[in-house]
Amino acid sequence: MADSAPVSTYPGQYCPLAKAAEMLGDRWTLLIVRDLLTGAHRFSEIARGLPGISPTLLAQRLRTLERHGIVERRRTGDARPEYWLTVVGQDLTPAVLGLGSWAARHFGHEPSPDEMSSSVLILWIERFLRAELLPSGREVARFDFTAPRRESRWLLIDRGEATACDEDPGRAPSLLVTTDLRTLHNVFAGRVSMRAALRDGSLRLDGEPEMVRAFPRWFGVSPFAEDTRVALRRGA
């Protein structure tokens, strides 16, 4: 299988960049590091954020990162391992963020249909929201997507922590967000402001007034949103 073949070494290249490409250049590897940096630690959490990767390939990539000393496996109380970046892996933070910023400034574009996933988007929203501004009680926000197909996703908020859900958590929502998938992707990415989406009606908020007022404050955007805005201002 082509995806499982490791990147070759680079003969005659005694160069730190060649070594970095050798360790991180396999398909999916940088995205695994990205998700570890943003709070995914269990195998299932990492896999959920990367729906195109097979469990076998994910396990191979994690073993490779362990072998390089970038990731360590930790045992938990329920015997399921967690994967954490080592000090060496954490040192990748500026490099990973820098690559994302560079791509947002020079290669940003409207999301294509095959790049959009409501499940992954709600997971990103969970990871980047402003946790300190979340309601302190137990609330449910339901996201109803009107296009490209009708589907719903949920955020369960419990005492200041949020969990993305693909299935109804069984509580009536106190906030209903109605939009199409492209609009919410663009708001998260920084291509469209939430104020503009609310003003033109492409995003609508309903529910308890306090939750409606609070949502724009605790909704978090991509760490590359400002780079995207810069690119849009200069017409890139």
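Any read-out appearing in this document is the output of simple, stated calculations on the displayed coordinates, not a laboratory observation. None of these values were measured; they are calculated from a predicted model. As a convention, Cβ positions derive from the backbone with ideal geometry for all residues, glycine included, and neighbour counts pool all protein chains shown.
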Spatial extent of the chain: Rg and Dmax, with the Cα atoms as the point set, Å: 19.4, 64
Tilt relative to the chain, helix 55-67 - C-alpha long axis, 0 to 90 degrees, to 10: 60
Net charge contributed by nearby residues that have their C-beta within less than 9 Å of GLY137 (K/R +1, D/E -1): 0
Angle in degrees between helix 209-218 and the longest Cα principal axis of the chain, rounded to the nearest 10: 20
Dipole-positive endmost among THR29, ALA141, THR228 within the chain (Cβ charges, Cα centre): THR228
Relative contact order (%) - criterion: Cα under 8 Å, at least six apart; region: the chain: 16
Charged-residue dipole, Cβ positions (Lys, Arg, Asp, Glu), the stretch 2-91 about Cα centre, Debye nearest 20: 160
Dipole magnitude of the chain about its Cα centre (Cβ charges: Lys, Arg +1; Asp, Glu -1), debye to nearest 20: 360
C-alpha center-to-center spacing [the stretch 53-67, the stretch 128-153] in angstrom: 31
Spatial separation of Cα centroids for the stretch 156-196 and the stretch 72-106, in angstrom: 25
Length gained when the stretch ARG74-LEU31 is fully extended (0.36 nm per residue, less Cα-Cα span): 13.5 nm
Dipole-positive endmost among ILE46, LEU155, GLN13 within the chain (Cβ charges, Cα centre): GLN13
Computed lengthening from THR163 to THR93, 0.36 nm per intervening residue step minus Cα-Cα distance: 22.8 nm
Top positive-direction residue, dipole computed over the stretch 113-223 with Cβ charges, set VAL192, VAL177, PHE215: VAL192
Segment GLU210-LEU232, extension gain: residue separation times 0.36 nm, minus the distance between their alpha carbons: 4.7 nm
Dipole magnitude of the stretch 73-164 about its Cα centre (Cβ charges: Lys, Arg +1; Asp, Glu -1), debye to nearest 20: 200
Two-site FRET efficiency, GLU45 against ARG195, from Cβ-Cβ distance with R₀ of 30 Å, rounded to 0.05: 0.40
DSSP beta bridge pairing in the stretch 72-208, given as percent antiparallel to the nearest 5: 80
The chain - mean residue ellipticity at 222 nm from DSSP helices (-39,500 (n - 2.57) per run, n ≥ 4, rounded to 500): -12500 deg cm²/dmol
Built amide H within the under 5 Å cut-off of ARG42, gap 5+: TYR83
